[in-house]
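Trainee: Okay, handing you the structure first.
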Amino acid sequence: MSQVVDLHSHSNVSDGLLTPEELVLNAARCGIKVLALTDHDDIGGLSTARQVAEANGIYFIDGVEISVTWKKRTLHIVGLNVDPTNEVLQQVLAQVRKDRDERAMEMANSLAKSGINGAYEGAKGYAGEAILTRMHFAHFLVEKGHAKNVKSVFKKFLVRGKPGFVDHQWMSLEQAVKLIKAAGGTAVIAHPARYKLGMLNTRTLLKEFISYGGESIEVVTGSHAQPDFTKYAGIAEKYKLKASRGSDYHGTGVSFMEMGRLPALPNNCVPVWQGWSEVEAVLAGSLAA
Ligand code: AMP
Ligand code: MN
Ligand code: MN
Ligand code: MN
């Protein structure tokens, strides 16, 4: 029954293609019953998404995906059930977005050194009012013929050692987890397989994360391959972390995964929504239906 739960998705408030409204309608079409919108470093889409979700029979969870620097790597920490009216959360994220804009200018300067001009304006054309992410630069680079699709952009550009890469300092893991908790939320390590950490670093990360009050890890995500589902289910069990699942949907064509297509959580997982009585009631209902 966990197939109808999607706790990781993006709208065009960050780097998704759909508006919050379109995203929720897409989720409804895909049979999702419990949805979290988790835009990067921004909670501006939550209130619209909630309204549309409630009008379309979807139980909505306020979420966010926070960028973190840990041991010189970028990690993503998802917050679920954060309070969008929490002022500290709002202020800290506003600062992150300001820093993102400076980073975007540096990225454009780096691309200009490789002969690719106009990238800031080009990316901005895709972002509109939204924060500037590497995804927006990727769309610009595809448009200009520098790569055939978004995926191949991230092989030739915008990653360490390639044009357009900027070594940005995001907030610490401790700050992100504590920020999410102080806003009433549950902290989740997003797509752990993407960090390619190795055993030792994985153990260190999990211990640190738990020591700050982190409670959950994504097991089934659009960013994981099939073997990762089993691997991270085992890790979640071992470290007594609750398991989350989400598509990480960004829009058709750019996403790792469409909504509603992922397998259920493996049986040895304790779902992150265990004890969330309203979610459990929705799932009991959809099982009966
Ligand atoms: P940023 O937070 O600005 O560094 O942008 C990161 C975003 O770029 C991620 O959230 C993804 O949407 C996208 N991204 C990063 N790596 C890849 C990849 N290998 N393939 C497709 N999209 C990617
Ligand atoms: Mn993204
Ligand atoms: Mn992510
Ligand atoms: Mn994401």
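Trainee: With the requirement that a residue be at pLDDT below 95 and at positive phi, what does the range 197-250 give you?
Mentor: G198
Trainee: Mind telling me which of the residues H40, H76 ends up being within 11 Å of H8 (Cα to Cα) and at pLDDT 95 or above? Spell out the reasoning first.
Mentor: Numbers: H76 fails: within 11 Å of H8 (Cα to Cα).
Going through H40, H76 in turn, the sole match is H40.
Trainee: Has the range 154-161 got any residue that is under 19 Å from K98 (Cα atoms), out of contact with any Cys (no Cβ under 9 Å at 6 or more places or on another chain), modelled with pLDDT of 95 or more and within 16 Å of ligand 2 (Cβ to nearest atom)? Write out each step before concluding.
Mentor: Going residue by residue through the range 154-161, those that are under 19 Å from K98 (Cα atoms) are none.
No, because not a single residue in the range 154-161 is under 19 Å from K98 (Cα atoms), out of contact with any Cys (no Cβ under 9 Å at 6 or more places or on another chain), modelled with pLDDT of 95 or more and within 16 Å of ligand 2 (Cβ to nearest atom).
Trainee: With the requirement that a residue be within 16 Å of ligand 2 (Cβ to nearest atom) and either in a strand (DSSP E or B) or more than 23 Å from D99 (Cα to Cα) (or both), what does the range 27-48 give you? Quick ask: steps written out before the conclusion?
Mentor: Residues of the range 27-48 that are within 16 Å of ligand 2 (Cβ to nearest atom), as a first pass: 36-45.
Residues satisfying the conditions are A36, L37, H40.
Trainee: While we're on this one: Condition check: small (G, A, S), within 15 Å of ligand 2 (Cβ to nearest atom) and farther than 21 Å from G44 by Cβ. Does S223 satisfy that? Give the steps one after another, and end with the answer.
Mentor: Values: small (G, A, S): yes; within 15 Å of ligand 2 (Cβ to nearest atom): yes; farther than 21 Å from G44 by Cβ: yes.
Taking the combined requirement at face value, the residue satisfies it.
Trainee: Taking the conditions exactly as written (without any contact (Cβ under 8 Å) to a residue 40 or more places away in the chain, part of a loop (DSSP other than H, G, I, E, B) and more than 21 Å from the chain's Cα centre (by Cα)), does G57 satisfy them or not? Even if it seems obvious, please write down each step before you answer.
Mentor: Working: without any contact (Cβ under 8 Å) to a residue 40 or more places away in the chain: yes; part of a loop (DSSP other than H, G, I, E, B): yes; more than 21 Å from the chain's Cα centre (by Cα): yes.
So G57 passes the test.
Trainee: If you scan the range 242-281, which residues turn out to be acidic (D, E) and not in a loop (DSSP other than H, G, I, E, B)?
Mentor: E278, E280
Trainee: Answer yes or no: is there a residue in the range 78-86 that is over 28 Å from V219 (Cα atoms), out of contact with any helix residue (DSSP H, G or I) (no Cβ under 6 Å at 6 or more places or on another chain) and in a helix (DSSP H, G or I).
Mentor: no
Trainee: Being surrounded by 14 or more Cβ atoms within 10 Å (Cβ to Cβ), modelled with pLDDT of 95 or more and under 26 Å from E208 (Cβ atoms): is that true of A182 here?
Mentor: Numbers: surrounded by 14 or more Cβ atoms within 10 Å (Cβ to Cβ): yes; modelled with pLDDT of 95 or more: yes; under 26 Å from E208 (Cβ atoms): yes.
Judged against the criteria, A182 is a match.
The values are calculated or read from the model by the stated rules, or taken from the named source; none is laboratory data. For clarity, every value in this text was computed on a predicted model and none was experimentally measured. Because the Cβ atoms are built from the backbone with ideal geometry, glycine has one as well, and the counts that use them run over all protein chains shown.
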